[in-house]
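Report on the following structure.
The values are calculated or read from the model by the stated rules, or taken from the named source; none is laboratory data. In this text, all values refer to a predicted model and were calculated from it rather than measured experimentally. Glycine gets a Cβ as well: all are built from the backbone with ideal geometry, and neighbour counts include every protein chain shown. All accessible areas refer to the heavy atoms of the entire protein, side chains included, with ligands and DNA or RNA removed. Shrake-Rupley method; radii C 1.70, N 1.55, O 1.52, S 1.80 Å.
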Amino acid sequence: IEREDVILDSPLSSPFEASGTLAQWRDGIGVLVSGHTRGVLAVSIAFSGPLLRMVGGGGGGVNLYGQSSRGKSTLASACASVWGKGVSGGFVRQWRSTANAVEALAALVSDTVLVLDELGTVDAAAASAAIYSLANGQGKGRAGREGGLRQSATWCANILSTGEIPLDAKLAEDKGKAIKAGQQVRLLDIPADAGYGFGCF
């Protein structure tokens, strides 16, 4: 009998994971973010995902920006901890991905939250296109092998983005392209350091 190697290839591993109890999460992460405006915002974004379809809402989100060591990664991990691991490879993913990969990630976490780290690492044109796609909940139309239209991926999820620069600065890198109000509304820029203001958050 001839031996044959079989490789099982799953496109993406599930980021969902349970560790501990709800009471432990509440007494740990919940207590730590309590009273911190950005922490409460980050965790609220994670909890709001399942409500979007109930209220007939679409996705959208925030981009927490600021210099290094302002707590952006910690906020992303707190947000991610609601649904799974708060580390890279878990619920925290990188902006620097192909359009196909970002769409697949969004579909994978539908009805929860999409956490994307380091906005500054993605190409401006790719970020511009991704913002509309992610907020609208539908992937790009693509042809199948036989020439027909493949079914596009769909999702409904809020976005928590982090980066050292605001969205406007990233989009401005795409010279000759005007920044659209629709992009700014779908992904709001909020300083990660509450010392800059926005006390209502």
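Quick rundown of the values:
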| quantity | calculated |
| --- | --- |
| Candidates 138, 151, filtered to the one that is farther than 22 Å from residue 121 by Cβ, of a type outside the set (Ser, Thr, Tyr) and modelled with pLDDT of 80 or more | 138 |
| Any pair with Cβ under 6 angstrom, 6 or more apart, that starts in region 60-78 at a residue that is without any contact (Cβ under 8 Å) to a residue 60 or more places away in the chain and ends at one that is hydrophobic (A, V, I, L, M, F, W, C) and part of a helix (DSSP H, G or I) | 78/29; 78/33; 78/42; 78/43 |
| Residue 19 being modelled with pLDDT of 90 or more, in contact with a helix residue (DSSP H, G or I) (Cβ under 9 Å, 6 or more places away or on another chain) and not acidic (Asp, Glu) | no |
| Some residue of region 47-70 being more than 26 Å from residue 133 (Cα to Cα), modelled with pLDDT under 85 and not polar (S, T, N, Q) | yes |
| Qualifying positions in region 63-80 - open to solvent by less than 40 Å² (accessible area, probe 1.4 Å) and in a loop (DSSP other than H, G, I, E, B) | 66, 71 |
| Of residues in region 81-118 being within 17 Å of residue 163 (Cα to Cα) and of a type in the set (Asp, Glu), the one least open to solvent (accessible area, probe 1.4 Å) | 117 |
| Filter pass, residue 144 being open to solvent by less than 30 Å² (accessible area, probe 1.4 Å), of a type in the set (Gly, Ala, Ser), touching a Lys or Arg at 6+ places or on another chain (Cβ under 8 Å) and at pLDDT 85 or above | no |
| Lone unmet requirement of (1) in a helix (DSSP H, G or I); (2) under 27 Å from residue 172 (Cβ atoms) for residue 115 | (1) |
| Residue in region 83-91 that is at pLDDT below 90, in contact with a Ser or Thr (Cβ under 7 Å, 6 or more places away or on another chain) and closer than 27 Å to residue 55 by Cα present | no |
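For (1) modelled with pLDDT of 85 or more; (2) under 20 Å from residue 33 (Cα atoms); (3) in contact with a strand residue (DSSP E or B) (Cβ under 6 Å, 6 or more places away or on another chain), each residue gets a yes or a no:
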| residue | (1), (2), (3) |
| --- | --- |
| 156 | yes, no, no |
| 160 | yes, yes, yes |
| 169 | yes, no, no |
| 175 | no, no, no |
| 182 | no, no, no |
| 201 | no, yes, no |
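Yes/no per residue for (1) open to solvent by 40 Å² or more (accessible area, probe 1.4 Å); (2) in a helix (DSSP H, G or I); (3) within 24 Å of residue 56 (Cα to Cα); (4) without any contact (Cβ under 8 Å) to a residue 24 or more places away in the chain:
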position	(1), (2), (3), (4)
162	no, no, no, no
170	no, yes, no, no
179	yes, no, no, yes
182	no, yes, yes, no
190	no, no, no, no
